[in-house]
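These notes concern the structure reproduced below.
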Amino acid sequence: LPPRRMDSVVQIVEALESSHHRGITGTVPELARALGGCGTPGCRAVLGHPPAAPPTPPPLDHEQWLLFTQLLGHATTAPERGAVLAPDGSTVALGPLFAGIEVGLKRAMGWPTPTFEPPVDPLYAVTIAEALGMSFLLARRGDANRTALGPDGCWDDVDDPQNYTLLGPLSPVPDAVANGAMDGVLLGARLAQAPIPLADLLRDYYGTGNGTEKERPPSSYRRRDFGVLTGPGKLEEEVAAMLRVLRVLPDTQELLEDVGSEEVVAIARQAARDFTEVYIECPAIVPRCMWGARPYRGTPKPLTLPLSSVYIHHTFIPSAPCRTFTACAQAMRSMQRFHQDTRGWDDIGYSFVVGSDGYLYQGRGWHWVGAHTKGYNTKGYGVGYVGDFSATLPDPDTIALVRDRLLPCAVRTGRLHHNYTLRGHRQMGHTDCPGNSLFREIETWHGFK
């Protein structure tokens, strides 16, 4: 089958649209729904009963059609199977993406919004509100250790992705569904304002095949943009409204019959708070298996959390910032080889590495002692910016990724003391790291000593 990449999906959408003289923008999401992309009770209540699935449409070859039907016809018990790899290195579930797009297109065409009591925003209902409400309801009802969000996962091969394996127990909202839902809201809202051919919209947003691989595609800003669009309180309000609607739908009535109004409010509040923390306030971190890490040599030593310090580095080599997932993954593999083969360390030394593509990359991670700041590795996290920042600074949003996202997130999640100390590598040893420009910048950050 074609690789499970967003490029493959765009090619399918483009073929479907080009087969009609005026394009069939409105019917591609309906086709996705016919194949099972909107199979939950709430989604069906909002968008209606799905149309019958057609035979292979003429513009698609057998393999393309098989891929499309597999991606949208997966069981709701395995939402990760409906996911594809985007050029920015993130994984996106197609069900909520196409459902959000369909709502946006219908709104642009003057769709009479279905009425529910209480009223729901259809764009949030079909993308995130139902999934989030049900996930937290089930977690509250069942095993106390049951996870309600995540996990992330890894592809078997980033050049020819076919199989996506989760890194932990499945929740109804794994990272791929969260990404697809945020993208569905953003693109649905955009289409409601000004409809354009779907292939153009997806190609522009994900940066597939039109030269945007050289710079950050808009999808790498999804957390920021979703947070700006959704605003505080909006997500909680939509989850609560959707739970009340599910309480009267035949398929979910029994599950919610003894859930009182106060419990609905409590579930919605926790769901919105946790989702906001994990997917909006905290930055995305690319796991080791996605950048192609070699195994750790020996036995990693655990850190005792929370830590009290953070040490800022620059990599110096590579000297140029990496601006794409491909370039940053390559830089990570190069650094790991140097640290293991030349320096003789067990693994890449840094706890986290900062790309200029909008993502952090997991080195030793949150829980294992690194090899970044000699004599202080057990006391703090080592965070290295890819590039040489002796004379220039990282981009403003790359600076903000650590200063405004990673560090507050580490405090909120109990990995870093609230009164942590921040230092540049040069303060702890004989080195120019993290470069004069970056060092002057971090002197202005909270916690700098």
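The values are calculated or read from the model by the stated rules, or taken from the named source; none is laboratory data. The shown structure was predicted, so the numbers you read here are calculated from the model rather than taken from an experiment. Quick reminder, even Gly has a Cβ in these numbers, built from the backbone with ideal geometry, and neighbours come from all protein chains shown. In case anyone asks, the SASA skips ligands and DNA or RNA and just uses the protein heavy atoms, side chains included. Shrake-Rupley method; radii C 1.70, N 1.55, O 1.52, S 1.80 Å.
Points worth noting:
- In the range 31-57, the residues that are in the same structural domain as residue 125 (by the TED database) and more than 23 Å from residue 115 (Cα to Cα) reach residues that are hydroxyl-bearing (Ser, Thr, Tyr) and open to solvent by 20 Å² or more (accessible area, probe 1.4 Å) with C-beta atoms within less than 6 angstrom, at least six apart or across chains, in these pairs: 35/69.
- One residue stands out among those in the range 291-326 that are in contact with an Asp or Glu (Cβ under 8 Å, 6 or more places away or on another chain) and in a helix (DSSP H, G or I): the one that is least open to solvent (accessible area, probe 1.4 Å), which is 325.
- Residue count for the range 216-264 under the criterion of being in contact with a helix residue (DSSP H, G or I) (Cβ under 6 Å, 6 or more places away or on another chain) and exposed (fewer than 15 other Cβ atoms within 10 Å of the Cβ): the result is 1.
- Conditions (1) touching a residue at least 60 places away in the same chain (Cβ under 8 Å); (2) within 30 Å of residue 222 (Cα to Cα); (3) out of contact with any Leu (no Cβ under 6 Å at 6 or more places or on another chain); number of the one not met by residue 433: (2)
- The set of residues from the range 166-186 being surrounded by 24 or more Cβ atoms within 10 Å (Cβ to Cβ) and not β-branched (Val, Ile, Thr) comprises 174, 175, 176, 178, 179, 180, 181, 182, 183, 184, 186.
- Residue in the range 104-120 that is touching a helix residue (DSSP H, G or I) at 6+ places or on another chain (Cβ under 8 Å), among the polar types (S, T, N, Q) and not assigned by the TED database to the domain that holds residue 356 present: yes
- Hits in the range 58-76 (condition: in a loop (DSSP other than H, G, I, E, B), loosely packed, with under 15 Cβ neighbours inside 10 Å and in contact (Cβ under 8 Å) with a residue 24 or more places away in the chain): 58, 76
- Residue match in the range 3-15 (condition: of a type in the set (Gly, Ala, Ser), in contact (Cβ under 8 Å) with a residue 24 or more places away in the chain and part of a loop (DSSP other than H, G, I, E, B)): no
- Residues of the range 395-410 that turn out to be closer than 16 Å to residue 278 by Cα and in contact (Cβ under 8 Å) with a residue 12 or more places away in the chain, as a count: 8
- Selection within the range 143-197 - of a type in the set (Val, Ile, Thr) and either over 18 Å from residue 280 (Cβ atoms) or not in a helix (DSSP H, G or I) (or both): 147, 158, 165, 173, 196
- Pairs where the first residue, in the range 289-308, is on the phi < 0 side of the Ramachandran plot and in contact (Cβ under 8 Å) with a residue 24 or more places away in the chain and the second is assigned to a loop (DSSP other than H, G, I, E, B) and β-branched (Val, Ile, Thr), C-beta under 6 Å, 6+ apart: 301/369; 303/369
- Residue 99 vs. criteria within 29 Å of residue 259 (Cα to Cα) and either at pLDDT 95 or above or part of a loop (DSSP other than H, G, I, E, B) (or both): yes
- Among residues of the range 239-263 that are closer than 12 Å to residue 125 by Cβ, those with a Cβ under 7 angstrom from a residue that is open to solvent by 90 Å² or more (accessible area, probe 1.4 Å) and part of a loop (DSSP other than H, G, I, E, B), sequence gap 6+ or separate chain, pair up as 241/119.
- Considering only residues in the range 87-115 that are under 21 Å from the mean Cα position of the chain (by Cα) and polar (S, T, N, Q), the one that is nearest to residue 220 (Cα to Cα) turns out to be 90.
- Per the listing 50, 55, the residue uniquely within 26 Å of residue 16 (Cβ to Cβ), open to solvent by 50 Å² or more (accessible area, probe 1.4 Å) and in a loop (DSSP other than H, G, I, E, B) is 55.
- Of all residues in the range 360-375, those satisfying the criterion of being closer than 17 Å to residue 314 by Cβ and out of contact with any Leu (no Cβ under 9 Å at 6 or more places or on another chain) are 361, 363, 371, 372, 373, 374.
- Residue 274 satisfies every condition listed in (1) in a loop (DSSP other than H, G, I, E, B); (2) of a type outside the set (S, T, N, Q); (3) surrounded by fewer than 22 Cβ atoms within 10 Å (Cβ to Cβ) except (1).
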